[in-house]
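Peer 1: Questions regarding the structure given below will be posed in turn.
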Amino acid sequence: MLPSSARDLIITGLSPLIIYAITVSAQTVIGQGPPSSATISSGVPPELPGAPTNLAISNIGPHSVILQFRAGYGGKTSVSRWLVEAEVKHEEETEGWQQVFELAGGPDARSIEVPGLAPFTHYRFRMRQTNIVGTSPASHPSRHVQTLQAPPYMAPANLSVHASGKNSLLLRWAPLPESSYNALPDTVGYRLQYRHLRAVNRRPDVAEMTWVSIALAGKVSQSNELGGLQKSGSTEVRRETRKPVGKKKSTKIEVQWVVVTDRLERELKLEGLQPWSLYELRIQAFNSISAGPWGQPVRGRTREDVPSAGPENISVVATGPHTLLVTWGAIPEGSKNGWILGYKVLTSNPAEPVPLLDSVATAAQESIVNVSGLQAATLYKLTVLAYTQVGDGVPTDPAVTCHTMEDLPGRPGAVWFPEVSSHAVRLAWKPPPQPNGQILGYRASLLANGSGSNPERTWELGSDVKQVRAAGLAPETRYTFLLAAQTSRGWGSPAEVVIITTQHRGRPAPPGRPWADAKTLGPRTLLLKWAAGAGGFAPVRYYILHRQKMSAGVWQPLASTLPPQPTEFLVNWLEPFTDYLFRLTAINDVGESEPSETSQTVTTLQDVPSKAPALLAVRPVSPTSLLLQWQPPPAGSMNGLLLGYSLRYQQLPSPQEPNPIPGPIIQLTSDPQPPPLAPTMLKTVNDSSLTEYKLQGLERYRHYEVRLSVYNSAGEGPPSDPWEVYVGEALPTAPPRGLHLLSATATQLHLSWQPPQKNNGENDILAYKVYCRKAGSAASSEEKTVRLLKNNVRLGSLLSFTSYLVSVVTVNSAGEGPRSQALQARTLQAAPSAPAYLHFTKMTSSSVNVTWGMPIQPNGLITGFRVIYQPTSPVNGISKIVTVDVPGSSRKWLLIKDLTEGEIYMVGVCARTLAYGPEISGNIAPPP
């Protein structure tokens, strides 16, 4: 028994020329283990062993093979180790020989299982054997073998998620290395799963927490070298609704599979998601055998949107003639779509010809507001909406209606005297424009000139009476009438009108020329003043104001019942920075005056723009800069002279959130306040003609939110919708250089290029994308694309003798750069297709006229046609085939004259370019 530290032993007392077998085994307290043995011939010095021979390979699997062999010369001692070396072949390159396996002991072994091999890899093997002296030379190499395919061992690395829209997330990952495909490259793809993490307490096995799968797989097709062109964006979408395995209830899960024909894909825009929602995503690689392991999940949130529903439990109570108290509840959690910044209460009067919406804004924490400034005794419709930083959400539906309380009525409407004489007058009127409740009656009072405030007569009339007659008056005397209306709240303020008892009334003279008070001139309002004209012994009851917008050239009545005093009027609802003309007419009891002189041209002041520019694109052009492109707002919304643009931007918190919380229950809640944001920065673009701007000096690897607005001398207009963008990865700024496009065959073009000049900060080139379309075709749907890693490609599956436009873009991790200038080339000629048709006319017993059409696909320049005819059976024992060549492309007919009546002939025609194409044929039988 040797101690456990012993590693060698000298054996003495052996006899010469005797073969001894020596065994060694280890022992523990449990017992003795299996022995290892070796043989030695005493008295004969051992020698270096010979190489193994007759290597054979069997039982090839994804990770192992079995090597059968014949042991080499043992060197007068036993073999202590077997060494296996392998040579790996990758396409045209071959790695050097490397040891891949070692078997200790087993001197009598004649086969070895070699484990730890890479799947779907070309190997050839050789062996060595070792004894106490050393290692033998290598054996002759085995034949080349390829291990079987296997699932990928790893998931794509660096999965990241960025918000790209309110309903979309942009996913990016590092594609699986080619060494990890473990199968044919065209069968390798990626499967992405995502699930919506709702802001409620739910267990992850319910339907709302179910993973939805998306597969991105390469399509087995021709390689790029052979011209395998796929249509741009070709995808296959399959949706499957099924019951989850192990579920007792009939919960349905929708699974989506999206197949993209590009195994080099490294990003995906996931559409159709919920706004402002948190999603958990993971990715795995798969091939034709099976799928590999899932990668670590990541989380991302879509962008904010406007709320998709209004608050619940709207309540409206009238608290006075001009006020309403509005209260509301919360918005459903799934309809918030972002951080609620506040609420707006919208009120409208349905009785108005054009109901206008007035809004009252509140903070996010408030759920009650007192709406004031309303008309009394009026039915209002009220809705409440919430808003986020994106904009106003959907108001509550249906609207809530409520009447304001009654109030004292306004003055009666138009008041006039349709009948006037020296001793009597008849007073008529219309109901108050603002009744402020139900009119219960009217009261008319007559005051003689100089009688003070005590009326001579008073009439109290019902609500249906709209006139009163006063007789027994003095001639040529000035009288004053007071007319008031009554509601349940009491008598309102009276309207005061004057009349002269006379027989000599006439229409009033025109008012004086109106003029605008410059001190009160605004963007949408102005104070118009004028001097009263002569009344024609009948006081002016009201004025009519007419307006003309000079760009339209048409007079329109603006106000029809302006009171006679004061002789001024505040004109509303004008358009900013617009030229107007005004004129007036006066109305008395007799009629309407001629129009006044037209005012001088009045130009309203500028107002802030009412609409925002439309952001078309915001993309990184370097690791610290963005290029913004936009479209100006409509000219009618400028409200003045456009001076420039205001660009506001700020950093956003990272949209990627921590990994899932472990445990059976996931709890997600929304905070009552939005998280604090970085300060908003302002850049002013003073050139109003620009439609793009480069924003520089940003911080790398940050998310930014960008808004754009226009401004004029009056101020700044509303901002555009926010655009979120990730800064840190720069798009290629230049296209590939040195493009060469050559005709290769009748269906192929050969394209080569040089990499673009790389600017500082640009990401490394990941691939090139080639765009190919027929010349003269502008439809992008006909455009084909191919993506590849090298800088040349043979574009195949093209039409013969057809011109194509080809361009190339560079692709890096940030996206595609600009396209190169398109080159044009034409494929070579090929044999044409068969003629389009074949007709037989003017047939006699011995002749027929044959006509044909041009080939549908000429595939080149048609240089002639060939007509071949022969009888279907021998005539008089002779089978004669006649061939006639028709040169050129204009003549497409031939008169055949040497036919035999009653015989059936087969006639064929083919066209020629560089070679003859297939023929079109038909049978004829000349009549007797």
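Peer 1: Filter the range 288-302 for residues that are assigned to a loop (DSSP other than H, G, I, E, B), open to solvent by 40 Å² or more (accessible area, probe 1.4 Å) and not polar (S, T, N, Q); which is farthest from Pro275 (Cα to Cα)?
Peer 2: Ile289
Peer 1: Being under 30 Å from Ala183 (Cα atoms) and not hydrophobic (A, V, I, L, M, F, W, C): is that true of Pro115 here? Even if it seems obvious, please write down each step before you answer.
Peer 2: Details: under 30 Å from Ala183 (Cα atoms): yes; not hydrophobic (A, V, I, L, M, F, W, C): yes.
When the stated conditions are applied, Pro115 passes them.
Peer 1: So which residues in the range 407-423 are part of a loop (DSSP other than H, G, I, E, B) and either touching a Pro at 6+ places or on another chain (Cβ under 9 Å) or open to solvent by 50 Å² or more (accessible area, probe 1.4 Å) (or both)?
Peer 2: Asp407, Leu408, Pro409, Gly410, Arg411, Pro412, Gly413, Ser421, Ser422, His423
Peer 1: Of the conditions (1) open to solvent by 40 Å² or more (accessible area, probe 1.4 Å); (2) modelled with pLDDT of 90 or more; (3) touching a strand residue (DSSP E or B) at 6+ places or on another chain (Cβ under 9 Å), Thr844 satisfies every one except a single condition; which number is it?
Peer 2: (3)
Peer 1: Confirm whether Ala509 is crowded, with 16+ Cβ neighbours inside 10 Å and among the hydrophobic types (A, V, I, L, M, F, W, C).
Peer 2: Judged against the criteria, Ala509 is a match.
Peer 1: Identify, by number, the condition in (1) open to solvent by 60 Å² or more (accessible area, probe 1.4 Å); (2) in contact with a Lys or Arg (Cβ under 9 Å, 6 or more places away or on another chain); (3) more than 17 Å from Gly105 (Cβ to Cβ) that Ile40 doesn't meet.
Peer 2: (3)
Here's the yes/no breakdown for (1) open to solvent by 50 Å² or more (accessible area, probe 1.4 Å); (2) among the hydroxyl-bearing types (Ser, Thr, Tyr); (3) in a strand (DSSP E or B); (4) without any contact (Cβ under 8 Å) to a residue 40 or more places away in the chain:
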position	(1), (2), (3), (4)
Gln556	yes, no, yes, yes
Gln565	yes, no, no, yes
Trp573	yes, no, no, no
Val590	yes, no, no, no
Gln600	yes, no, no, no
Leu615	no, no, yes, no
Val618	no, no, yes, no
Pro633	no, no, no, no
Leu647	no, no, yes, no
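Peer 1: Same structure, new question: Looking only at residues that are open to solvent by less than 50 Å² (accessible area, probe 1.4 Å) and in a strand (DSSP E or B) in the range 127-154, which one is farthest from Leu55 (Cα to Cα)? Talk me through it step by step, then tell me what you get.
Peer 2: The first filter runs over the range 127-154 and keeps only residues open to solvent by less than 50 Å² (accessible area, probe 1.4 Å), leaving 127, 129-131, 134, 136, 138-139, 142, 145, 147, 150-152.
So of that shortlist, the ones also in a strand (DSSP E or B) come out as 127, 129-130, 145.
On the way: Met127: 8, Gln129: 13, Thr130: 17, Val145: 13 Å.
Across the range 127-154, the extreme among qualifying residues is Thr130.
Peer 1: Quickly run through the range 852-874 and pick out the residues that are more than 30 Å from Ser743 (Cβ to Cβ) and surrounded by 15 or more Cβ atoms within 10 Å (Cβ to Cβ).
Peer 2: Just the residues of the range 852-874 that are more than 30 Å from Ser743 (Cβ to Cβ), to begin with: 867-874.
Residues satisfying the conditions are Val867, Ile868, Tyr869, Gln870, Pro871.
Peer 1: While we're on this one: Test Pro655 against the criterion of being over 30 Å from Pro633 (Cα atoms), buried (at least 18 other Cβ atoms within 10 Å of the Cβ) and at pLDDT below 85, and give yes or no.
Peer 2: On the way: over 30 Å from Pro633 (Cα atoms): yes; buried (at least 18 other Cβ atoms within 10 Å of the Cβ): yes; at pLDDT below 85: yes.
For Pro655, the condition - over 30 Å from Pro633 (Cα atoms), buried (at least 18 other Cβ atoms within 10 Å of the Cβ) and at pLDDT below 85 - is met.
Peer 1: Now, a different point. Hey, any hits in the range 377-386 for a residue that's at pLDDT 90 or above, touching an Asp or Glu at 6+ places or on another chain (Cβ under 9 Å), of a type in the set (Phe, Trp, Tyr) and open to solvent by less than 70 Å² (accessible area, probe 1.4 Å)?
Peer 2: Looking through the range 377-386, none of the residues is at pLDDT 90 or above, touching an Asp or Glu at 6+ places or on another chain (Cβ under 9 Å), of a type in the set (Phe, Trp, Tyr) and open to solvent by less than 70 Å² (accessible area, probe 1.4 Å).
Peer 1: Mind checking whether some residue in the range 486-494 is in contact with an Asp or Glu (Cβ under 9 Å, 6 or more places away or on another chain), within 27 Å of Phe417 (Cβ to Cβ), polar (S, T, N, Q) and open to solvent by 40 Å² or more (accessible area, probe 1.4 Å)?
Peer 2: Yes, because at least one residue in the range 486-494 is in contact with an Asp or Glu (Cβ under 9 Å, 6 or more places away or on another chain), within 27 Å of Phe417 (Cβ to Cβ), polar (S, T, N, Q) and open to solvent by 40 Å² or more (accessible area, probe 1.4 Å).
Peer 1: Which numbered condition in (1) over 17 Å from Ser308 (Cβ atoms); (2) open to solvent by 70 Å² or more (accessible area, probe 1.4 Å) is the only one that Thr404 fails?
Peer 2: (2)
Peer 1: Just to be sure I understand, how many residues within the range 160-196 are assigned to a strand (DSSP E or B), surrounded by 21 or more Cβ atoms within 10 Å (Cβ to Cβ) and among the hydrophobic types (A, V, I, L, M, F, W, C)?
Peer 2: Total meeting the criteria: 6.
Peer 1: Does Thr487 satisfy being polar (S, T, N, Q) and under 30 Å from Ser596 (Cβ atoms)?
Peer 2: Judged against the criteria, Thr487 is not a match.
Peer 1: Hey, another quick one. Pull up the range 776-833, narrow it to residues that are open to solvent by 70 Å² or more (accessible area, probe 1.4 Å) and closer than 19 Å to Leu914 by Cβ, then point me to the one that is modelled with the lowest pLDDT.
Peer 2: That would be Leu799.
Peer 1: Considering only residues that are surrounded by 14 or more Cβ atoms within 10 Å (Cβ to Cβ), more than 20 Å from Pro564 (Cα to Cα) and in contact (Cβ under 8 Å) with a residue 40 or more places away in the chain, which ones fall in the range 462-484?
Peer 2: Listed by number, the residues that qualify are Gln467, Val468, Ala470, Leu473.
Peer 1: A further question on this structure: Would you tally the residues in the range 752-771 being modelled with pLDDT of 85 or more, part of a loop (DSSP other than H, G, I, E, B) and open to solvent by 40 Å² or more (accessible area, probe 1.4 Å)?
Peer 2: Of the residues in the range 752-771, 1 are modelled with pLDDT of 85 or more, part of a loop (DSSP other than H, G, I, E, B) and open to solvent by 40 Å² or more (accessible area, probe 1.4 Å).
Peer 1: Something else: Being in a loop (DSSP other than H, G, I, E, B) and either touching a helix residue (DSSP H, G or I) at 6+ places or on another chain (Cβ under 9 Å) or of a type in the set (Lys, Arg) (or both), is that true of even one residue in the range 339-350?
Peer 2: Within the range 339-350, none of the residues are in a loop (DSSP other than H, G, I, E, B) and either touching a helix residue (DSSP H, G or I) at 6+ places or on another chain (Cβ under 9 Å) or of a type in the set (Lys, Arg) (or both).
The values are calculated or read from the model by the stated rules, or taken from the named source; none is laboratory data. Note that this is a predicted model, so its numbers are computed, not measured. Here the Cβ is made from the backbone with ideal geometry for all residues, glycine too, and neighbour counts use every protein chain on show. Ligands, DNA and RNA are excluded from the accessible area calculation, which covers all protein heavy atoms including side chains. Shrake-Rupley method; radii C 1.70, N 1.55, O 1.52, S 1.80 Å.
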